[in-house]
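S.K.: One structure, pasted below without further comment.
The values are calculated or read from the model by the stated rules, or taken from the named source; none is laboratory data. Remember, predicted model here, so these are calculated numbers, not experimental data. Glycine gets a Cβ as well: all are built from the backbone with ideal geometry, and neighbour counts include every protein chain shown.
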Amino acid sequence: EKGTYPYYMLKEIDEQPAVMRKLLLKYQDENNNLTVDQAIVDAMLESDRVYIIAAGTSYNGGLVGKELIEKMTHIPTEVHVSSEFGYNTPILSEKPFFIFLSQSGETADSRQVLVKTNALGHPSLTVTNVAGSTLSRESNFTLLLNAGPEIAVASTKAYTAQIAVLAILSEVIGIEKGLINKGTMLHDIGIAANAIQAIIDDKEKIESLASDYLSTSRNAFYIGRGMDYHVALEAALKLKEISYIQTEGFAAGELKHGTIALIEEDTPVIALVTEKRVAGHTRGNLQETKARGAHAMVISMEGLDRPEDQIVIPHVNPLLSALVSVIPTQLLAYYCSLHRGNDVDKPRNLAKSVTVE
Ligand code: M6R
């Protein structure tokens, strides 16, 4: 039940710190070490390449997951939109391992890939919020998101839970492979949960930024590089799906190759700046849009922030920055949709789970 909340989406945004803490408990052994089913670890250790298959927000979560898997386990990882996998089928490695990311576990586009990979005999893991869902039943292994039911069509807590689960899985494998000496994810995800809470506690500020920046605009952009680019894609999907503002998530460096032509007086451009090695470049790209009239906003991370930045998120392990930087973008989308009088939980033309191909 949504209780005193006007919409499930706000409730589900608010639940994210608790979801993080619950996950840490669920994936902990009696010695307080993070753990996952050894059979999953063994299957992944045997593989030479991971293929993440997903749609929508889960695809965007997969992009972050790829970074986590590659950095912590050194297993090459590809992410594929499930509805495209059948046409743009990659040449598979000798020992592929498939990870299906799906909040509902019922997405038909993803299931049709699983049917194929099962026919080929490749091992698969489903990371889902729903125990007993179709994808969970039909794949070899399951890891649960433990996020509690997600009712709002716009996915929020499933995205952050997916990232946390993939971070835990990656660390466990990294330790097993001897690439990581001592795990920090238990601590770092806890710190991220506190950071998420701090942003949620300050949500009035984000509500007023939503009014200032997004109340009348017909289009908007999120930009970023590296991890921030992945979050820009998710931020854009969230904003467009519930506010109906045409929003694009863009690689900050790619704007100048065409899309900058769309920037007009007062077009909102929101830059994500949470990674040191790219911060200067992204700010430079934002400046280029400002020079063409953009209404620029910055979401930065403590340590990389400047006094003029509109939103500064607390410092967290850079591998987990997406967990935290996505929160203000969820809240911007929520308030923008609310102020426009839309049905936040049930945007037009959309269903919670897409069971047709
Ligand atoms: O249940 P799934 O995670 O497989 O769903 C995938 C997408 O349909 C879903 O993430 C969709 O994009 C959301 N409405 C985004 O908020």
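The rows are residues; the columns are (1) surrounded by 16 or more Cβ atoms within 10 Å (Cβ to Cβ); (2) among the hydrophobic types (A, V, I, L, M, F, W, C); (3) modelled with pLDDT under 95.
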site: E275; (1), (2), (3): yes, no, no
site: A279; (1), (2), (3): yes, yes, no
site: N285; (1), (2), (3): yes, no, no
site: E302; (1), (2), (3): no, no, no
site: D305; (1), (2), (3): yes, no, no
site: V316; (1), (2), (3): yes, yes, no
site: L320; (1), (2), (3): yes, yes, no
site: V324; (1), (2), (3): yes, yes, no
site: P347; (1), (2), (3): yes, no, yes
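S.K.: While we're here: Pick from the range 98-116 the residues that are more than 14 Å from the ligand (Cβ to nearest atom) and either crowded, with 22+ Cβ neighbours inside 10 Å or hydrophobic (A, V, I, L, M, F, W, C) (or both): which of them is nearest to the chain's Cα centre (by Cα)?
M.R.: Top of the filtered list is F98.
S.K.: Another one. From the list A147, A198, A192, which residue is at pLDDT 95 or above, within 16 Å of the ligand (Cβ to nearest atom) and out of contact with any Gly (no Cβ under 9 Å at 6 or more places or on another chain)?
M.R.: One residue alone meets the criteria, A147.
S.K.: Follow-up. Within the range 306-326, is there a residue that is touching a helix residue (DSSP H, G or I) at 6+ places or on another chain (Cβ under 8 Å) and within 16 Å of the ligand (Cβ to nearest atom)?
M.R.: Within the range 306-326, one or more residues are touching a helix residue (DSSP H, G or I) at 6+ places or on another chain (Cβ under 8 Å) and within 16 Å of the ligand (Cβ to nearest atom).
S.K.: Also, I was wondering about something else. Tell me the residue from V81, V50 that is touching a residue at least 12 places away in the same chain (Cβ under 8 Å) and closer than 19 Å to M185 by Cβ, please.
M.R.: Values: V81 fails: closer than 19 Å to M185 by Cβ.
Selected residue: V50, the only one of V81, V50 that is touching a residue at least 12 places away in the same chain (Cβ under 8 Å) and closer than 19 Å to M185 by Cβ.
S.K.: Could you list all residues from the range 6-61 that are in a loop (DSSP other than H, G, I, E, B) and within 16 Å of the ligand (Cβ to nearest atom)? Before you say what the answer is, go through the steps one by one.
M.R.: Taking the range 6-61 and keeping what is in a loop (DSSP other than H, G, I, E, B), we get 6-7, 15, 27, 29-33, 35-37, 47-48, 55.
Selection gives Y7, E15, A55.
S.K.: Residues of the range 333-357 being in a helix (DSSP H, G or I) and within 14 Å of the ligand (Cβ to nearest atom), which ones?
M.R.: Residues of the range 333-357 in a helix (DSSP H, G or I): 333-339.
Result: A333, Y334, S337.
S.K.: Further question: Here are the criteria: (1) out of contact with any Leu (no Cβ under 7 Å at 6 or more places or on another chain); (2) among the hydroxyl-bearing types (S, T, Y); (3) crowded, with 18+ Cβ neighbours inside 10 Å. Tell me which single one S215 does not satisfy.
M.R.: The single condition S215 does not satisfy is (3).
S.K.: Would you pick out the residues in the range 55-69 that are in contact with a His (Cβ under 6 Å, 6 or more places away or on another chain) and surrounded by fewer than 24 Cβ atoms within 10 Å (Cβ to Cβ)? Walk me through it before giving the result.
M.R.: At the first step, the residues of the range 55-69 found to be in contact with a His (Cβ under 6 Å, 6 or more places away or on another chain) are 63-64.
The answer is L63, and nothing else.
S.K.: Still on this structure, I have one more. Can you tell me which residue is farthest from the chain's Cα centre (by Cα) among those in the range 142-165 that are of a type in the set (A, V, I, L, M, F, W, C) and part of a helix (DSSP H, G or I)? First the steps, then the outcome.
M.R.: Initially, the range 142-165 is screened for residues of a type in the set (A, V, I, L, M, F, W, C), giving 143-145, 147, 151-154, 158, 161, 163-165.
Pick out the ones that are also part of a helix (DSSP H, G or I) and you get 158, 161, 163-165.
Numbers: A158: 8, A161: 9, I163: 7, A164: 10, V165: 12 Å.
Among those that are of a type in the set (A, V, I, L, M, F, W, C) and part of a helix (DSSP H, G or I), it is V165.
Here's the yes/no breakdown for (1) among the aliphatic types (A, V, I, L, M); (2) touching a Ser or Thr at 6+ places or on another chain (Cβ under 9 Å):
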| site | (1), (2) |
| --- | --- |
| I168 | yes, yes |
| K177 | no, yes |
| T184 | no, no |
| I196 | yes, yes |
| F221 | no, yes |
| R225 | no, yes |
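S.K.: Quickly run through the range 230-249 and pick out the residues that are crowded, with 24+ Cβ neighbours inside 10 Å and outside any helix (DSSP H, G or I).
M.R.: T247, G249, listed by residue number.
S.K.: Go through the range 65-90 and count every residue that is outside any helix (DSSP H, G or I), modelled with pLDDT of 95 or more and more than 20 Å from T126 (Cβ to Cβ).
M.R.: Residues that pass the stated criteria total 2.
S.K.: Here is a check on your reading of the model: is F141 at negative phi, touching an Asp or Glu at 6+ places or on another chain (Cβ under 7 Å) and more than 13 Å from the ligand (Cβ to nearest atom)? Break it down stepwise before answering.
M.R.: On the way: at negative phi: yes; touching an Asp or Glu at 6+ places or on another chain (Cβ under 7 Å): yes; more than 13 Å from the ligand (Cβ to nearest atom): yes.
Yes; evaluated as a whole, the condition is true for this residue.
S.K.: Does K95 qualify as being under 24 Å from V354 (Cα atoms), surrounded by fewer than 20 Cβ atoms within 10 Å (Cβ to Cβ), of a type in the set (K, R) and over 17 Å from the mean Cα position of the chain (by Cα)?
M.R.: no
S.K.: Among residues belonging to the range 174-233 that are among the hydrophobic types (A, V, I, L, M, F, W, C) and more than 20 Å from I13 (Cβ to Cβ), point out the one that is nearest to the chain's Cα centre (by Cα).
M.R.: So, considering only residues that are among the hydrophobic types (A, V, I, L, M, F, W, C) and more than 20 Å from I13 (Cβ to Cβ), the one nearest to the chain's Cα centre (by Cα) is M227.
S.K.: Which one of I223, I168, I206, I173 is assigned to a helix (DSSP H, G or I), farther than 26 Å from S110 by Cα and hydrophobic (A, V, I, L, M, F, W, C)?
M.R.: Values: I223 fails: assigned to a helix (DSSP H, G or I); I168 fails: farther than 26 Å from S110 by Cα; I173 fails: farther than 26 Å from S110 by Cα.
Exactly one of I223, I168, I206, I173 is assigned to a helix (DSSP H, G or I), farther than 26 Å from S110 by Cα and hydrophobic (A, V, I, L, M, F, W, C), namely I206.
S.K.: Going residue by residue through the range 153-165, is there one that turns out to be surrounded by fewer than 18 Cβ atoms within 10 Å (Cβ to Cβ) and either touching a residue at least 40 places away in the same chain (Cβ under 8 Å) or more than 12 Å from the ligand (Cβ to nearest atom) (or both)?
M.R.: no
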